[in-house]
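**Student:** My questions will all concern the structure given below.
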Amino acid sequence: MSRRLNLLHCAGMMVALALISGAVSPAPARAASKLKIVTSTTDLAEFAAEVGGDRVEVESIARGYQDPHYVEAKPSFVLKLHRADLLIAVGLQLEIGWLPRLITQCGNPAVQVGAKGYLDASQFAEILEIPAGVVTRAMGDVHPFGNPHYWLDPENGRRITRGIAKKLAEMRPEDAAYFEERFQGFSQRLDEAQKAWDAEMKPFRGRKVVTYHRSWPNFTKRFGLEVVGEIEPRPGIPPGPRHTVEIIQMMKRDNVKVILVEPYFDLKTPNAIARETGAQVVVLLPSVGGEKEATDYFKLFDYDIALLTRAFQATQ
Ligand SMILES: [Zn+2]
């Protein structure tokens with residue numbers, strides 16, 4: 001009997017100690033529970049961090065130098081998704097090859113598609129190249145619902161960030177004013193940056209480019225460039241000799257002197273085309289973290305626009 005009492009006493013002490021040390025206490029205050037956000041891409045992580053500030057922890061599954069269509073996700077992300085409050089995805093099937101598996105495996109009801117902790121960022125953005133008629137992935141086309149590289153227009157960056165701020169405010173109403181204030185700050189900095197980017201790109205409006213993958217419709221629309229062809233015959237389909245010859249002929253005919261290539265594609269075909277046409281190959285970054293200089297959304301555009309304007313100047 002006395003032994004049992006001792007044990008009970010002992011257990012009570014342990015609980016008391018644990019409560020004092022905070023080890024098993026129920027989250028007493030907001031500070032103890034930052035919202036855990038996982039994003040599929042680095043750009044979405046940037047937007048979430050911009051509005052979330054110190055009230056969130058954000059991590060991207062894909063790295064900025066990876067092709068977001070084909071990410072080999074580390075198993076550690078299953079655990080991170082298991083603990084996440086919110087998953088933000090690009091959608092439009094960009095991540096169809098790798099994200100659904102992680103969502104299924106993580107066993108977290110909160111972040112399942114359609115649940116409160118799943119946010120599809122495409123709903124906030126202007127989406128280009130939405131196919132008319134029947135939607136299929138025929139011939140391997142990886143853009144069946146419209147172009148999923150929509151974050152490359154700063155206006156879409158603003159729209160997505162506003163959408164994320166609203167979502168965070170729903171999840172944490174007590175921090176709504178904080179998220180709104182941070183969104184306004186981001187939006188103002190974006191206004192300033194856009195003025196500079198527009199001014200730098202203005203002399204080159206109307207310039208024609210060829211791109212490797214169809215990553216740039218929102219970017220080129222925004223800055224008034226014209227994409228006259230892609231090295232991939234269809235998004236996700238590697239270049240073949242016949243299509244490459246067509247691209248070379250078309251570039252010669254239209255005097256196209258700049259080829260944009262995402263950092264994760266082989267430069268062999270772009271370089272061969274450049275030799276035939278006297279064009280410059282520019283490795284343009286589609287995502288934050290594509291190079292070490294592109295540390296945030298602003299620096300991503302700074303980096304790309306500096307490279308592009310240099311190439312346009314050199315090929316007047
Ligand atoms: Zn794509």
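The values are calculated or read from the model by the stated rules, or taken from the named source; none is laboratory data. These numbers come from a predicted model, not from an experiment. Cβ placement follows ideal geometry from the backbone for every residue including glycine, while neighbour counts extend to all protein chains displayed.
**Student:** Are there any pairs with C-beta distances below 6 angstrom linking a residue in region 142-164 that is in contact (Cβ under 8 Å) with a residue 12 or more places away in the chain to a residue that is of a type in the set (Lys, Arg), with the two at least 6 apart or on different chains, and if so which?
**Tutor:** Listed pairs, sorted by first residue: Pro144/Arg137; Asp153/Arg222.
**Student:** Let me ask another. Which ones in region 74-97 are surrounded by fewer than 18 Cβ atoms within 10 Å (Cβ to Cβ) and not in a helix (DSSP H, G or I)?
**Tutor:** Once the filter is applied, which keeps residues that are surrounded by fewer than 18 Cβ atoms within 10 Å (Cβ to Cβ) and not in a helix (DSSP H, G or I), region 74-97 yields Lys74, Pro75, Ile96, Gly97.
**Student:** Quick one: count up the residues across region 236-255 that are within 16 Å of the ligand (Cβ to nearest atom) and touching a residue at least 40 places away in the same chain (Cβ under 8 Å). Can you show your working first?
**Tutor:** Of all residues in region 236-255, those within 16 Å of the ligand (Cβ to nearest atom) come to 236-239.
Next cut, touching a residue at least 40 places away in the same chain (Cβ under 8 Å) only: 236-237.
Counting residues in region 236-255 that are within 16 Å of the ligand (Cβ to nearest atom) and touching a residue at least 40 places away in the same chain (Cβ under 8 Å) gives 2.
**Student:** Test Glu200 against the criterion of being touching a residue at least 12 places away in the same chain (Cβ under 8 Å), not aliphatic (A, V, I, L, M) and not in a helix (DSSP H, G or I), and give yes or no. Give the steps one after another, and end with the answer.
**Tutor:** Details: touching a residue at least 12 places away in the same chain (Cβ under 8 Å): yes; not aliphatic (A, V, I, L, M): yes; not in a helix (DSSP H, G or I): no.
Answer is no for this residue.
**Student:** Name the single residue that is nearest to Phe47 (Cα to Cα) among those in region 61-102 being in contact (Cβ under 8 Å) with a residue 60 or more places away in the chain, under 13 Å from the mean Cα position of the chain (by Cα) and away from the ligand (no atom under 16 Å from the Cβ).
**Tutor:** Among residues in region 61-102 that are in contact (Cβ under 8 Å) with a residue 60 or more places away in the chain, under 13 Å from the mean Cα position of the chain (by Cα) and away from the ligand (no atom under 16 Å from the Cβ), the one nearest to Phe47 (Cα to Cα) is Ile88.
**Student:** In region 125-157, how many are within 12 Å of the ligand (Cβ to nearest atom), modelled with pLDDT under 85 and assigned to a helix (DSSP H, G or I)?
**Tutor:** So the count comes out to 1.
**Student:** Separate question: Are there strands (runs of 3 or more DSSP E) fully within region 204-290 with at least 1 residues that are over 18 Å from Asp141 (Cβ atoms) and out of contact with any Asp or Glu (no Cβ under 8 Å at 6 or more places or on another chain)? List them. Step through it out loud before you land on a result.
**Tutor:** Details: elements: 208-211, 226-230, 258-261, 280-283.
The qualifying strands (runs of 3 or more DSSP E) are 226-230, 258-261, 280-283.
**Student:** Any residue at all in region 203-215 that's within 16 Å of the ligand (Cβ to nearest atom) and out of contact with any strand residue (DSSP E or B) (no Cβ under 6 Å at 6 or more places or on another chain)?
**Tutor:** yes
**Student:** Checking Thr104 against (1) closer than 22 Å to Arg158 by Cβ; (2) modelled with pLDDT of 95 or more, which test does it fail?
**Tutor:** In the conditions (1) closer than 22 Å to Arg158 by Cβ; (2) modelled with pLDDT of 95 or more, Thr104 misses (1) alone.
**Student:** Look through Met171, Met201 and report the one residue that is of a type outside the set (Phe, Trp, Tyr) and touching a Phe, Trp or Tyr at 6+ places or on another chain (Cβ under 6 Å).
**Tutor:** On the way: Met171 fails: touching a Phe, Trp or Tyr at 6+ places or on another chain (Cβ under 6 Å).
Among Met171, Met201, only Met201 is of a type outside the set (Phe, Trp, Tyr) and touching a Phe, Trp or Tyr at 6+ places or on another chain (Cβ under 6 Å).
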